[in-house]
Amino acid sequence: MDIKSLYDAYGRRIYNLVYYHIQSHEEAEEIVQDVFLAAHQQREKFRGEAQWGTYLYRIAINKSIDRLRSKKRKNNWLKWVPWSDGVSKAIPAEEETEDPHLHALLQAIQQLPEQQRTALVLMKIDQKSQKETAEIMGISPKAVESLVQRAKEKLKNFIQRFEGLE
Amino acid sequence: MDNMKRKLPQFEPNPYLWTRIEGRMMRLANDTIHPILGWSLTAVVAGMLLLSISRPTINQEQDIDPYPSHNILYYE
């Protein structure tokens, strides 16, 4: 399977998965480029499309988490720099959405623990089944169910608090 | 949660994203060709240098005069 066909089949899905983790279009594009470049370097390794799908999702998740962790580390350092304007925002100002509900929801998703966020995005945004999500994340379907349940509860509380503030 | 589902949109990537990936793949291919060429050239030059050191050249062979007629001691 050539990389162009892979991009046509998975590009948009991978982009959304990364975007819901990183919440910056510019950085999401960078990561998607890295994902398909890694696939290009590993093209001899895989045969079937199913194998490719799992590989692309895994690499996208790992790269998104790495990026978020390095951002967090950078922010921790920035706190100690007197001339910096403090912690950089999770969502860059130019990408702040007009819709306050969506903006609040995106922030809430970003505050979820890594695994809960990944499970939620795969199942609720990418519409993957519990089994597929479990395979991508390398955990059991039961664990996926529990992760999504906890993520939903947290988001529900967040939305209720947000709507109460309005 | 229904409210959440309705609220979570799907984003479209930049239409030029594939072109950028293609460009990076081409650059990567060039980057892998250049080192190969570079190392091959280095190996050839190093090999030639080693050969020139270990074996006397034709000129050096000619320099060894089996009949040193000019050497006066030879005739004495």
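The values are calculated or read from the model by the stated rules, or taken from the named source; none is laboratory data. All values derive from a computational prediction rather than experimental measurement. With ideal geometry, Cβ positions are generated from the backbone for all residues, glycine too; neighbour counts draw on all protein chains shown.
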Inset, instruction - Those residues that are of a type in the set (D, E, K, R) and either in contact with a Leu (Cβ under 7 Å, 6 or more places away or on another chain) or crowded, with 16+ Cβ neighbours inside 10 Å (or both), I need them from the stretch A:110-149; list them, please. - result: A:Arg117, A:Lys124, A:Asp126, A:Lys128, A:Glu132, A:Glu135
Inset, instruction - Among the residues of the stretch B:13-31, write down those that are facing another protein chain (nearest Cβ under 7 Å) and outside any helix (DSSP H, G or I). - result: B:Pro13, B:Asn14
Inset, instruction - Of all residues in the stretch A:1-58, count the ones that are of a type in the set (D, E, K, R), away from every other protein chain (no Cβ under 11 Å) and within 19 Å of B:Pro9 (Cβ to Cβ). - result: 1
Legend entry - Complete set of residues in the stretch A:25-53 that are under 22 Å from A:Gln127 (Cα atoms) and modelled with pLDDT under 90: A:Gly48, A:Glu49, A:Ala50, A:Gln51, A:Trp52, A:Gly53
Inset, instruction - Residue by residue through the stretch A:17-38, note down the ones that are assigned to a helix (DSSP H, G or I) and surrounded by fewer than 22 Cβ atoms within 10 Å (Cβ to Cβ). - result: A:His25, A:Glu26, A:Glu27, A:Glu29, A:Glu30, A:Gln33, A:Asp34, A:Leu37, A:Ala38
